[in-house]
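Asks: Sharing a structure, written as structure tokens. Questions coming.
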Amino acid sequence: MDADLSFLELVGLDFSGLAMAGANVSGSHVRGCVFAGCDLSGLYVQESDLTACDFRGSVLEEAFFQKTALEGSLFHGADLRWARFLLCDVRRGQFVDANMEGVHFMDAQLDGACFEGVTLSDAVLRGSSLTGVRFVNCDLRGVDFRKTNFHHADYASILAEGALFYGKPPWGGDVAAGGAAEMVIFDGE
Amino acid sequence: MSIAAVKKTTLKPKDYKSDVSVVWCPGCGHYGILNAIYRALSEAGVDPSQLISISGIGCSSRSPYFINSYKMHTLHGRAGPVATGAQLARPDLAILVLGGDGDGFSIGGGHMPHMARKNVDMTYVLFDNGIYGLTKGQYSPTSRPEMKAYTTPYGGPEEPMNPLLYMLTYGATYVAQAFAGKPSVCAELIKGGLEHRGFSYINIYSQCPSFNKIDTIEFYRDLVEAVPKDHDVTDLGAAINLARQSSEGRAPMGLLYKADRPTLDQRMHAMVEGVNGRPDYDLNQIIDLNRP
């Protein structure tokens with residue numbers, strides 16, 4: 001069976017480069033730990049504190065996080081394809097150059113997070129809080145923005161074809177006029 | 001003959017995920033149990049083409065949609081009888097029944113003892129969140145009296161049932177318990193259930209953050225105690241004593257009881273063999289006896 005790190009105090013430890021695919025983390029305090037370069041594919045995390053952890057360059061494909069604190073965590077260059085973050089606190093998370101195709105942020109707090117240069121195509125951000133989020137140079141094609149406060153984020157030089165949202169998009173004229181993106185407005189459910 | 005006859009594979013847990021997106025409330029413990037089921041199926045090497053997952057109605061009864069297997073989403077509380085029929089008709093397949101506490105012990109409560117006493121060769125995973133979640137939060141057979149729900153605004157007037165004691169009493173031959181906060185333990189017990197020949201019952205506590213505000217992951221963490229290392233899983237009396245802890249504010253986590261007993265399909269097969277595969281009676285005569 002896979003590693004079981006449930007209900008543990010693991011503050012400030014360095015797990016760099018370890019193969020931890022499919023590990024379970026439930027109800028643990030894992031603040032400030034380093035997981036750089038780790039294989040964490042299929043990781044299962046619930047109701048844990050992973051504040052200010054370092055996941056740079058790690059593989060988190062199909063990882064699952066719910067009700068987990070990840071505030072200020074670093075995900076630069078990480079593989080987060082089809083990962084799920086349900087009801088998570090990811091405020092000020094750094095996702096620069098991460099691969100986030102199909103990622104799922106249901107009802108997450110993402111205020112102040114940075115997604116510069118990230119592929120978020122087909123991602124779900126539904127119900128999430130996006131105040132001050134930077135989506136600069138992002139591929140946002142097919143992203144589900146419904147029930148978010150997406151007017152409070154930064155969308156310079158994005159691709160947004162097929163994105164889902166209610167009302168007028170915040171990137172409206174700028175993106176179309178600049179020719180940087182083809183935009184299709186789909187007016188939600 | 002259940003998993004013993006099922007072709008072994010070396011698939012990874014993610015290979016058991018179907019294309020259907022999992023839709024439970026954020027924070028639900030069922031995600032952990034489903035994760036454990038994927039791992040258990042992978043560890044046991046179950047061929048998805050020889051697996052049937054069967055459910056009744058409820059949040060947890062959506063599970064078959066999320067598993068790469070043949071599946072039947074049946075009527076409320078009737079997963080067990082359907083699974084019994086499937087097992088008798090196709091004893092060469094592995095049968096996995098998935099459901100909740102209301103589905104299993106209230107609406108389907110009349111069926112549970114009979115699956116246990118008949119020792120139907122199947123694995124029954126009960127997602128016990130102490131609430132009817134799909135219908136937005138009503139008191140269930142395993143709800144604690146302290147829980148206030150729409151149907152019990154002042155708390156419950158009755159004691160919860162004890163699923164482990166119930167299954168042990170009625171003759172289940174594999175009885176285990178875990179909680180969703182420990183998916184690794186859940187996976188190990190489910191794998192054991194899949195490999196056991198006979199009726200396997202695995203009770204898994206699961207938090208429902210939307211409607212059950214008192215049975216949190218912290219509550220379950222403090223409630224459960226690992227089954228003692230020296231516990232004899234063949235000792236029914238010892239298993240019953242452990243199961244009774246649930247009435248005393250503690251709950252055992254692990255395998256409580258395991259026994260070898262002929263399964264329903266084995267006994268049926270022996271009967272058919274006993275008459276050389278042919279009935280020694282005339283069915284038409286029996287029908288004639290009952291004509292008005």
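Asks: Please tell me if A:Ser26 is more than 17 Å from the chain's Cα centre (by Cα), surrounded by fewer than 18 Cβ atoms within 10 Å (Cβ to Cβ) and not aromatic (Phe, Trp, Tyr).
Replies: no
Asks: Can you name the residue in the stretch A:37-53 that is part of a strand (DSSP E or B) and open to solvent by 20 Å² or more (accessible area, probe 1.4 Å) and, of all such residues, is nearest to A:Gly12 (Cα to Cα)?
Replies: Restricting to residues being part of a strand (DSSP E or B) and open to solvent by 20 Å² or more (accessible area, probe 1.4 Å), the top hit is A:Asp49.
Asks: For B:Gly80, state whether it is in contact with a strand residue (DSSP E or B) (Cβ under 9 Å, 6 or more places away or on another chain), assigned to a helix (DSSP H, G or I) and small (Gly, Ala, Ser).
Replies: Taking the combined requirement at face value, the residue satisfies it.
Asks: Return only the number of the condition from (1) more than 30 Å from B:Ala178 (Cα to Cα); (2) assigned to a helix (DSSP H, G or I) that B:Asp265 does not satisfy.
Replies: (1)
Here's the yes/no breakdown for (1) over 22 Å from B:Lys7 (Cβ atoms); (2) open to solvent by less than 10 Å² (accessible area, probe 1.4 Å); (3) of a type in the set (Gly, Ala, Ser):
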{"site": "B:Gly58", "(1), (2), (3)": "yes, no, yes"}
{"site": "B:Ser61", "(1), (2), (3)": "yes, yes, yes"}
{"site": "B:Ser69", "(1), (2), (3)": "no, no, yes"}
{"site": "B:Pro91", "(1), (2), (3)": "no, no, no"}
{"site": "B:Asp103", "(1), (2), (3)": "yes, yes, no"}
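Asks: Follow-up question, since we're still on this one. Is it the case that some residue within the stretch A:91-98 is farther than 20 Å from A:Gly37 by Cα and either of a type in the set (D, E, K, R) or part of a strand (DSSP E or B) (or both)?
Replies: Within the stretch A:91-98, one or more residues are farther than 20 Å from A:Gly37 by Cα and either of a type in the set (D, E, K, R) or part of a strand (DSSP E or B) (or both).
Asks: Further, regarding this structure: Note down all Cβ pairs under 6 Å where the first residue falls in the stretch B:174-188 and is more than 9 Å from chain A (Cβ to nearest Cβ), the second is of a type in the set (Lys, Arg) and open to solvent by 10 Å² or more (accessible area, probe 1.4 Å), and they're at least six residues apart or on different chains.
Replies: Note: pairs meeting the criteria are B:Tyr174/B:Lys258.
Asks: Identify, please: which residue in the stretch B:14-47 is buried (at least 19 other Cβ atoms within 10 Å of the Cβ) and within 16 Å of B:Ile95 (Cβ to Cβ) and is, among those, nearest to the chain's Cα centre (by Cα)?
Replies: Checked the stretch B:14-47; the qualifying residue nearest to the chain's Cα centre (by Cα) is B:Ile37.
Asks: Let me ask another. Within the stretch A:95-104, identify whether any single residue is surrounded by fewer than 22 Cβ atoms within 10 Å (Cβ to Cβ), closer than 19 Å to A:His152 by Cβ, in contact with a strand residue (DSSP E or B) (Cβ under 9 Å, 6 or more places away or on another chain) and within 11 Å of chain B (Cβ to nearest Cβ), and answer yes or no.
Replies: Among the residues of the stretch A:95-104, not one is surrounded by fewer than 22 Cβ atoms within 10 Å (Cβ to Cβ), closer than 19 Å to A:His152 by Cβ, in contact with a strand residue (DSSP E or B) (Cβ under 9 Å, 6 or more places away or on another chain) and within 11 Å of chain B (Cβ to nearest Cβ), which makes the answer no.
Asks: Can you pull out the residues in the stretch B:235-265 that are of a type in the set (S, T, N, Q), touching a residue at least 40 places away in the same chain (Cβ under 8 Å) and open to solvent by 50 Å² or more (accessible area, probe 1.4 Å)? Walk me through it before giving the result.
Replies: Step one: list which residues in the stretch B:235-265 are of a type in the set (S, T, N, Q), which gives B:241, B:245-247, B:263.
Retained after the next criterion (residues that are touching a residue at least 40 places away in the same chain (Cβ under 8 Å)): B:246-247, B:263.
Hit for the stretch B:235-265 is B:Ser247, nothing else.
Asks: Now for a separate question. Return the residues of the stretch B:196-212 that are surrounded by fewer than 23 Cβ atoms within 10 Å (Cβ to Cβ) and either within 14 Å of chain A (Cβ to nearest Cβ) or within 10 Å of B:Asp128 (Cα to Cα) (or both); say none if nothing qualifies.
Replies: Residues satisfying the conditions are B:Pro209, B:Ser210.
Asks: Looking at B:Ser42 and the list (1) within 14 Å of chain A (Cβ to nearest Cβ); (2) in contact (Cβ under 8 Å) with a residue 60 or more places away in the chain, which single condition is not satisfied?
Replies: (2)
Asks: Given (1) touching a Ser or Thr at 6+ places or on another chain (Cβ under 7 Å); (2) facing chain A (nearest Cβ under 10 Å); (3) of a type outside the set (Gly, Ala, Ser); (4) in contact (Cβ under 8 Å) with a residue 40 or more places away in the chain, identify the lone condition not met by B:Lys17.
Replies: B:Lys17 satisfies every listed condition except (1).
The values are calculated or read from the model by the stated rules, or taken from the named source; none is laboratory data. Just so we're clear, the structure is a prediction, and the values are computed from it rather than from any experiment. We place every Cβ from the backbone using ideal geometry, glycine too, and count neighbours over all the protein chains shown. Please note that ligands, DNA and RNA were not included when accessible areas were found on the heavy atoms of the full protein model with its side chains. Shrake-Rupley method; radii C 1.70, N 1.55, O 1.52, S 1.80 Å.
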